[in-house]
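Notes follow once the structure below has been shown.
Nothing in this text is a laboratory measurement; each read-out follows from the coordinates by a stated rule. Nothing here was measured: the structure is a model prediction, and the numbers come from that model. Cβ coordinates were reconstructed from backbone atoms using ideal geometry, including for glycine residues, and neighbour counts include every protein chain displayed.
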Amino acid sequence: MCLSIPVKVISIEGDYAEVSVAGTVFKAGLQLVEGIVPGDYVLLHAGFAIGKLSLEEAAETIEILSRLGDADQYSEL
Amino acid sequence: MKLVDEFRGSRVVKDLIRAINESATGIYRFMEVCGGHTAAINRFGIKNLLGHNIELVSGPGCPVCVTGTGFIDKAVRLSGDEGNIVVTFGDLLRVPGSISSLEKEKASGADIRMVFSPLDALRIAAEERSRKVIFLGIGFETTAPGTAATVMEAEKSGINNFYVLVSHKFMPPAMEILIRDGTNVNGFICPGHVAAITGSSIFDFIPEQFSIGCAVSGFEPVDILMSVLMLVNQVNRKNPNTAIQYKRAVSREGNITAKKMMAQVFEPVDMYWRGFGIIQSGGMKLRGKYNRYNAELLLNETIKDDCNEGECRCGDILRGLIVPVQCPLFGSQCNPGNPSGACMVSAEGVCNAYFRYGRNE
């Protein structure tokens, strides 16, 4: 129900955006978010963008996880 | 796919499982309270990857499941008027009401339409101005802002044949009841998409008042396993807090614009939850200014929200008291093709997930 998927914003017109999910294009309402520009990734839920996704935070999470192979690094979490 | 594949890598999953199993020196019981997590945990077989000393138990995270039979009865009643069009998310169609389901009514000729967004319901209302279009508003804090935005859009564009039958719910009061009733868990895997709206801070009362750890989690296997490791560490260090695993989507404060719209359109109300009864401030109702969009006004009788579930144990399953295989109906009389209760209908329902992904307990 709370299923939301990461989508890329292709273009914006007024309160609506065209967004792409693995090449499939949907229309998404932008009423619930501010400052979105084409190229941003947002979470799409029930026809609305409900938040901007941070590529920097995603990269940081992956970076932390990449150090898990080193037993001393569990303490980071 | 961007932001998905990165969180499914087998090497990271293996590293996480090793880290969890090396760190988990005690007994751990973590509850997820999001249907998306329930589905993902079962779909990816995550329970089977963890040691026997780590139990993952499902809570009341599926909005379709916690919605009372009376809500379906109201929708069925509204669909019986030829002037009405009932518009719903697909999950609700097959949920049994006390006498019928929306699917059965649709098969008998009622005008019931499935959509992915409340905006689709508003579009139908704009096209069918001579009829009343009733959107079934269910879902937690993730979904309610979209309904709020749609109601505001209806007002802005002067569409006055649009109504909402509101059963949106707030998650934290249900979690507090579970804790106060003595649910034996030492950590919560908290719903990432609820928190994308509300911010992680709405869960702070859990570590602060009850010393139980929280990890606000994403939905990919790596996200869930990382959250489990964070919770194991919180228990080991006796340091319960509200950790955010799903940092790419969740902040402490959440989506302020969406929260404002939700608060502008809805106010808290005591609401029935399956398995819980009436939860104080557990639901939302339209504020007075927007009450003309309230579909309850179209009902000329009072229909109770509660459930008569017979042998179905959905309520106990939603509280984490039993697992689906302990229900006498599970897998025989009750299955996805012929569900007895809501937990078997929704793809996020605990019974449905157990049935589809191996009944692994």
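Could the peptides B:211-218, A:32-39 be put in order, highest first, of the mean number of other beta-carbon atoms found within 10 Å of their residues?
Working: B:211-218: 25.9, A:32-39: 14.0.
Averaged packing, sorted descending, gives the order B:211-218, A:32-39.
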Query raised in the report: Label B:L299 and A:E56 with points 7 Å out from Cα along Cα→Cβ: what is the distance between them in nm?
Result: 4.9
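For B:F210 and B:R8 in the same chain, what is the full-extension length gain: residue separation times 0.36 nm, less their Cα-Cα distance, in nm?
On the way: separation 202, 0.36 × 202 = 72.72 nm, distance 3.30 nm.
The B:F210-B:R8 span can extend by a further 69.4 nm.
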Report summary line: In whole angstrom, the spacing between the Cα centers of region B:92-154 and region B:302-328 equals 25
Query - Net charge dipole size for the protein assembly as shown [Lys, Arg +1 and Asp, Glu -1 on Cβ; Debye, nearest 20] - result: 340
Query - Rounded to 10°, Cα long-axis angle of helix A:55-66 versus longest principal axis of chain A - result: 30
Report task. Kindly express, to the nearest 10 degrees and within the range 0 to 90, the angle between helix B:144-156's C-alpha long axis and the longest C-alpha principal axis of chain B. Result -> 30
Report summary line: In nm, the gap between the two label points placed 7 Å beyond Cα toward Cβ at B:R252 and A:V25 is 4.1
Query raised in the report: Among the lysines, which have Cα under 18 Å from the Cα of B:K2 when same-chain residues fewer than 8 positions away are ignored?
Result: A:K8, A:K52, B:K247
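Roughly how big is region B:15-110's charge dipole about its Cα centre, with Cβ charges of +1 (Lys, Arg) and -1 (Asp, Glu), in debye to the nearest 20?
Working: 9 positive and 10 negative charges, 29 e Å.
Dipole of region B:15-110, to the nearest 20 debye: 140 debye.
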Report summary line: Here the net charge surrounding B:R131, from other residues whose Cβ is less than 14 Å away from its Cβ (Lys, Arg +1; Asp, Glu -1), is -1
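Beyond 30 Å, what share of the Cα-Cα pairs of the protein assembly as shown remains, rounded to the nearest whole percent?
Working: 39905 of 95703 pairs.
The calculated P(r) of the protein assembly as shown puts 42 percent of pairs beyond 30 Å.
Against the globular-protein guess of 2.2 N^0.38 Å, express the Cα radius of gyration of region B:117-257 as a ratio, rounded to two decimals.
Relative to the 2.2 N^0.38 Å estimate, region B:117-257 comes out at 1.30.
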Report task. Once every Cα of region A:5-72 carries one equal point scatterer and solvent is ignored, give the base-10 log of I(q)/I(0) from the Debye formula at q = 0.12, 0.17, 0.20, 0.26 Å⁻¹, two decimals. Result -> -0.37, -0.59, -0.73, -1.07
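Provide the percentage of antiparallel DSSP beta bridges, counting only those with both residues in the protein assembly as shown; round to the nearest 5. Provide the component values of the computation, followed by the final result.
Details: 28 of 61 bridges.
Of all bridge pairs located within the protein assembly as shown, approximately 45 percent are antiparallel.
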**Report entry** Qualifying aspartates and glutamates (Cα of each under 14 Å from Cα of B:K238; at least 8 residues distant if same chain)
**Finding:** B:E208
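Averaged over B:193-203, how many beta carbons belonging to a partner chain fall within 10 Å of each residue's beta carbon?
2
As an exercise, use a Förster radius of 45 Å and the Cβ-Cβ distance of B:R237 and B:K260 to find the FRET efficiency, rounded to the nearest 0.05. Walk me through the numbers before you get to the answer.
On the way: r = 37 Å, r/R0 = 0.82.
Efficiency computed from Cβ-Cβ geometry: 0.75.
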Query - Set B:K74/B:K104; B:K74/B:K132; B:K259/B:K304 screened for pairs whose C-alpha atoms are more than 21 Å apart - result: B:K259/B:K304
Requested in this report: Mind computing the radius of gyration and Dmax over the alpha-carbon atoms of chain B? Å is fine for both.
Outcome: 20.5, 65
Query - Lys/Arg +1, Asp/Glu -1 at C-beta; the protein assembly as shown dipole; positive extreme among B:G182, B:W273, B:S58 - result: B:W273
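How crowded by other chains is B:11-22, given as the mean number of beta carbons from other chains within 10 Å of each beta carbon?
Mean shielding count: 3.
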Report summary line: Relative contact order in percent for chain A (Cα pairs under 8 Å, 6+ apart) equals 25
Query raised in the report: Using +1 on the beta carbon of Lys and Arg, -1 on that of Asp and Glu, and nothing else charged, what's the dipole of chain B about the Cα centre, debye to 20?
Result: 600
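Per residue of B:233-244, count partner chain C-beta atoms within 10 Å of its C-beta, then hand back the mean as an integer.
Working: counts 4, 1, 0, 0, 1, 0, 0, 0, 0, 0, 1, 1.
Mean number of neighbouring Cβ atoms from other chains: 1.
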**Report entry** By average C-beta atoms within 10 angstrom, highest first, the peptides B:224-237, B:303-316
**Finding:** B:224-237, B:303-316
